[in-house]
Every structure is written in C-alpha cells, then in structure tokens.
1. Between helix 129-143 and the chain, what is the angle of the helix's C-alpha long axis to the longest principal axis, kept within 0 to 90° and rounded to the nearest 10?
2. For the range 210-299, what is the relative contact order in percent, using Cα pairs closer than 8 Å and at least 6 residues apart in sequence?
3. If you split all Cα-Cα distances of the range 163-228 into 10 Å bins from zero, what percentages do you get per bin, shortest first?
4. Tell me, what is the FRET efficiency for F337 and D221 to the nearest 0.05, using R0 = 56 angstrom and their Cβ-Cβ distance as r?
5. When Lys and Arg each count +1 and Asp and Glu each count -1, what net charge do the other residues less than 10 Å away from F4, Cβ to Cβ, add up to?
6. Could you tell me the calculated FRET efficiency between N172 and Q311, based on Cβ-Cβ distance and R0 = 51 angstrom, to the nearest 0.05?
7. Take I181 and N126, extend 7 Å from each Cα along the Cα→Cβ direction, and tell me the distance between the two endpoints in nm.
8. Over the Cα atoms of the range 227-313, Rg to Rh with Kirkwood Rh, two decimal places?
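The values are calculated or read from the model by the stated rules, or taken from the named source; none is laboratory data. If you're wondering where the values come from, they're calculated on a predicted model, not measured in any experiment. No Cβ is skipped: glycine too gets one built from the backbone with ideal geometry, and neighbour counts run over all protein chains shown. Remember, those area values only see protein heavy atoms, side chains included, never the ligands or the DNA or RNA. Shrake-Rupley method; radii C 1.70, N 1.55, O 1.52, S 1.80 Å.
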Amino acid sequence: MVTFTPRVLSGMQPTGNLHLGNYLGAMVNWVKMQDTHETLYCVVDMHAITQPTSVWGGPTALRKSTLEVAAAYMAAGIDPKKSILFNQSRVPEHAELAWIFNCIARLGWLNRMTQFKEKAGKDRENASVGLYAYPVLMAADILIYRATQVPVGEDQKQHLELCRDIAIKFNNDFGVDFFPITEPVIMGPATRVMSLRDGTKKMSKSDPSDLSRINLTDSADDIAKKIRKAKTDADGLPSEKAGLAGRPEAENLVGIYAALADRTTEVVLTEFGGGQFSAFKNALAELAVAKISPINTKMNQLLAEVGYVEQVLTEGSTRASAIAAPIMKDVKKIVGFV
Ligand code: ADP
Ligand code: TRP
C-alpha cells in the first residue's frame, strides 16, 4: 500500500454572498487545518458556470465574485503564506483530469446525486451537462492534488463519496494504487447551519429571504436584527442536549453559538440552560457581531486593494500548478496517452 502525504483541499463557488453556513461549516475548519497540514483552497469558478448565466450573473459579475470570495477567504483567516489560495480555472489540469474521470464515473452514480436534483429542479431536460458532471469535476479538483482530506459542510458528503468511488475505480481499472481514498472532514458543532426562518431548511445563498441567513457582508445592525427575528418556539433553553430534540430552531441557534465561541453544545447549554430565550439571543447577537464584523471590515480593506488579491491568486495558481502538472503527467502515462 502506498502511503499518501497528508494534503488538504477545499473550495467554494463564487456565486453570491458567503454566509454563516459557509463560514462555520467549512471555513473555520479550513483556517484550523492550515496550521497542521499542507492546504490548498480554491475558488471554484468553473463550477459556478454550471448554472444558467442568470444565476451567476455573467462575466463581469463572475470576475467580481471570484475576487470577493478570495478576499473573504483571507478575511476569515486563510493566510496565503500558509495555504495555496487560487482559482480553479487557472489550473487547466482540473478540467483535463475531469475528462478522464467522466470516463470512469458511471451514469448510475451521477443519477443518485441529490444536489443535481435540487439544482436542476423540475426542468431537468434543460439543465447543463456541466451541472450533471459537477461532482466529477469536484473529484478532479481534489484528486489532481492527491488530496487526502477535504473539509466541507455536511451537504457535500455525497459528493465526497463519489470522489472515493472514482478513485477506487480508477485504481482498479488500471491496476494501480495511484489516487488516495479521500476522507471528508465534517467537524464542529455547525456542520449543517439551518435557515433562521425555518429550522428544517439549510441556510443557503439561494434562499429568497435575506432574513434566513447571515451574510459575511451584513452590517452589525443587520446581524443583530436577523438574530432577534430568528424563529424560535415558545419554550426556554434546556440545560441538556437531549432537551433540544424536536426543536430544530433552538438546536440551530445553540449550534451557531457553540461554533462561534469554539465551545461544545453541552458547555453552551450549561451556561444558558434554564434562562430566557431572549437573553440567549442577545448574547448570540453580540457574539455573532464580534466574530463577523471584523471579517467584513477586513474583506472591504482587501477589496480596496484588489491588485493584491489578484496577485495572491496568480501566485497561488502557479504553486498549485507545480503540484498538479506532474500528477497529470503520471495519469496520462497510466491511461496510455502517448
Ligand atoms: P450554498 O449551499 O449556500 O450554495 P455552497 O454549496 O457554495 O453554499 O457551499 C460551500 C461550502 O459551504 C461547502 O463546504 C458546504 O458544505 C458549506 N455549506 C454551505 N451551506 C452550509 C450550511 N448551511 N451549513 C454548513 N455548511 C454549509
Ligand atoms: N461542491 C462544493 C460546494 O458546493 C464546492 C466544491 C467544488 C468543492 N470543488 C470542491 C468542495 C472540492 C471541496 C473540494 O460547496
């Protein structure tokens, strides 16, 4: 058995504002891992164009969102000296490997993907081929670096299982031990942050109600207002985790508090259990403002010197290419390309 060097890769699409779900579900873990691992974080601009132009806004909007998301990564704590920060389309090996993986992945596997079904909606015939092949490109993003760990929110679990299936089938088909069987890293008390208006729905940038989510670009007043207005039930806070069962809105707010404070749910309930919900909401609003506002300020500072952000992406892409190119060369040899 080959032992693979530990390497971390993750990415987000440059579509719309990043929100608290993206931050707590993924980015907080990205920041932690850069001190212990070799880390690569990308803005997946090629994934963004899998949806209709009206969703991602066209070329001008895409350029702007790509720089904004890169700035958000840095504002949230991704240090371009510790991590390789780049945008996917600058490293052509992602697309090259994705083609080979298109020939490895089976239609039956892709037909099971729930995110495709959600994003394609009712008019499936009209979805792009790219949207269907989205998880194959994602597997290529990961395996072109032979990444061993991928920190993401819970909704990406199915895509990561597909990535493992592709690696296993490639290795079997060609009789090699070339690609690692990548591990998802889904950790912390907020792996699935729910909408502030409906505790059964995921917080998402595509929710039409802005009150449903906290954007990383929201002002302190907006953050506080959204938390005050967040849906809750009539009961107070329990002192034990079991008391949150069947109370999705309460569970969500406690999870958000725990993640922002870097504590466990149990510790948060020991402190606030038995008290009024309104007092807890005030504390949560204060904490959320204290954590999100500096990210917002830093992001604006970075976007005021956008040339610096562009330079980070250029350097990151060069460093990412240096890892990807020799791996692609080996893959071509394995497949039999002359
Ligand atoms: P969205 O669902 O808002 O379109 P993305 O699909 O671009 O967000 O997700 C980017 C990253 O953020 C992924 O790792 C995903 O798992 C994570 N993520 C997105 N929404 C949430 C959420 N509500 N809770 C936890 N993690 C999330
Ligand atoms: N599919 C991921 C999402 O919607 C984004 C993504 C693309 C990704 N490529 C990746 C995440 C590689 C982790 C690793 O959030």
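1. The two axes meet at around 80 degrees.
2. 40 percent
3. In order of increasing distance, the bins hold 19, 28, 18, 17, 14, 4 percent.
4. The value I calculate is 0.45.
5. +1
6. The value I calculate is 0.75.
7. Between I181 and N126, the label points sit 4.2 nm apart.
8. Over the Cα atoms of the range 227-313, Rg/Rh equals 1.17.
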